[in-house]
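Below is one structure; the comments refer to it alone.
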Amino acid sequence: MITFTDVHKSFGPKKVLQGVNLEIPKGQSMVIIGGSGTGKSVALKSVLGLISPDSGTITVDGKDATKGDRDAFLARFGMLFQGGALFDSLPVWQNVAFRLLRGSLKRPRDEARDIAIEKLRRVGLTPDVADLFPSELSGGMQKRVGLARAIAAEPEIIFFDEPTTGLDPIMSGVINDLIREIVVEMGATAMTITHDMSSVRAIADKVAMLHDGIIQWTGPVGEMDNSGDPYLTQFISGSAEGPIEAVR
Ligand SMILES: Nc1ncnc2c1ncn2[C@@H]1O[C@H](COP(=O)(O)OP(=O)(O)OP(=O)(O)O)[C@@H](O)[C@H]1O
Ligand SMILES: [Mg+2]
């Protein structure tokens, strides 16, 4: 569904992606792991065209992601942003229904609100949350609202950027299970970025490790613990010793 071929991206002198090759099969859940600042969010934003690679190609369903009708292209995606990125000035239901209230996916207002409430319920939030503002919610509730927004238009492809960061272990487990269920139930292709190894085990069909601008290892989640890859092994164990230099 998504193919990266030799993707490079630098910001000034800073080389971030240095030849990323990766395939995400249709209907599968790919989790990308890697240290802070290695370019995981940049890779994800590049698929959406929010960042343009310097060279290389990214195709979605066989088509070059940078060409063609942007609106139709973006309508296929749902995204949970790192940090939520809810609109402070809009009530929860309008956040969830954001894309159903405008553009090519526009629905009548009543219908959009009903869908928002149904999606809130899907992520374990009651209808009374619909009329609150994001600032009136806890961090965990905001993540759930972000998740409800990501699935509101029933996208074919869903991106989750750090879905559990800042949540307690139990809430993280709840969000992980929800993501897994939603991906299976919708048959969606998913790309998740995380540092949280419990998320990886709960969500992934396949795992890819990004380090030094390239995918160091990729394979099924079941092979992750016996990969023999020194980068991956160090990352999983959280050890300061290994090929990944810990910044002290
Ligand atoms: N729009 C931008 N302009 C300039 N530099 C950027 C931009 N976006 C990202 N970078 C740089 O690219 C590098 C990778 O950033 P990115 O956000 O992809 O990291 P990450 O792997 O998602 O890290 P984290 O796990 O902390 O979220 C960083 O050094 C960052 O400063
Ligand atoms: Mg990031």
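The values are calculated or read from the model by the stated rules, or taken from the named source; none is laboratory data. Values in this document were obtained by computation on a predicted structure and should not be read as measured data. For neighbour counting, all protein chains shown are included, and Cβ atoms are generated from backbone atoms with ideal geometry for every residue, glycine included. Quick note on the areas: whole protein, heavy atoms, side chains included, nothing else; ligands and nucleic acids left out. Shrake-Rupley method; radii C 1.70, N 1.55, O 1.52, S 1.80 Å.
Is there a residue being within 13 Å of ligand 2 (Cβ to nearest atom) and open to solvent by 20 Å² or more (accessible area, probe 1.4 Å) anywhere in the range 19-35? Within the range 19-35, one or more residues are within 13 Å of ligand 2 (Cβ to nearest atom) and open to solvent by 20 Å² or more (accessible area, probe 1.4 Å).
Kindly provide the set of residues from the range 31-47 that are of a type in the set (D, E, K, R) and within 6 Å of ligand 1 (Cβ to nearest atom), ordered by number. Selection gives 40 alone.
Of all residues in the range 5-18 being within 19 Å of residue 65 (Cα to Cα) and within 15 Å of ligand 2 (Cβ to nearest atom), which is least open to solvent (accessible area, probe 1.4 Å)? Ranking the qualifying residues of the range 5-18, first place goes to 17. Of the strands (runs of 3 or more DSSP E) lying entirely inside the range 130-227, those containing at least 1 residues that are free of Cβ contacts under 8 Å to residues at least 24 places away in the same chain, open to solvent by less than 10 Å² (accessible area, probe 1.4 Å) and in the same structural domain as residue 47 (by TED's automatic domain parsing) are 214-220. Give the range 72-128 a look and list any residue that's in contact with a strand residue (DSSP E or B) (Cβ under 6 Å, 6 or more places away or on another chain) and open to solvent by less than 30 Å² (accessible area, probe 1.4 Å), or say none. Once the filter is applied, which keeps residues that are in contact with a strand residue (DSSP E or B) (Cβ under 6 Å, 6 or more places away or on another chain) and open to solvent by less than 30 Å² (accessible area, probe 1.4 Å), the range 72-128 yields 77, 78, 79, 80.
Of the strands (runs of 3 or more DSSP E) lying entirely inside the range 7-77, not one carries at least 2 residues that are modelled with pLDDT of 95 or more and not assigned by TED's automatic domain parsing to the domain that holds residue 230. Selection of the range 90-129 for residues being within 24 Å of the chain's Cα centre (by Cα) and either in the same structural domain as residue 195 (by TED's automatic domain parsing) or part of a loop (DSSP other than H, G, I, E, B) (or both) yields 90, 91, 97, 101, 102, 106, 123, 124, 125. Scanning the range 36-53 for residues that are away from ligand 2 (no atom under 13 Å from the Cβ) and free of Cβ contacts under 8 Å to residues at least 60 places away in the same chain returns 49, 52, 53.
Residues in the range 36-58 that are of a type in the set (S, T, N, Q) and surrounded by fewer than 17 Cβ atoms within 10 Å (Cβ to Cβ): 36, 52, 55, 57.
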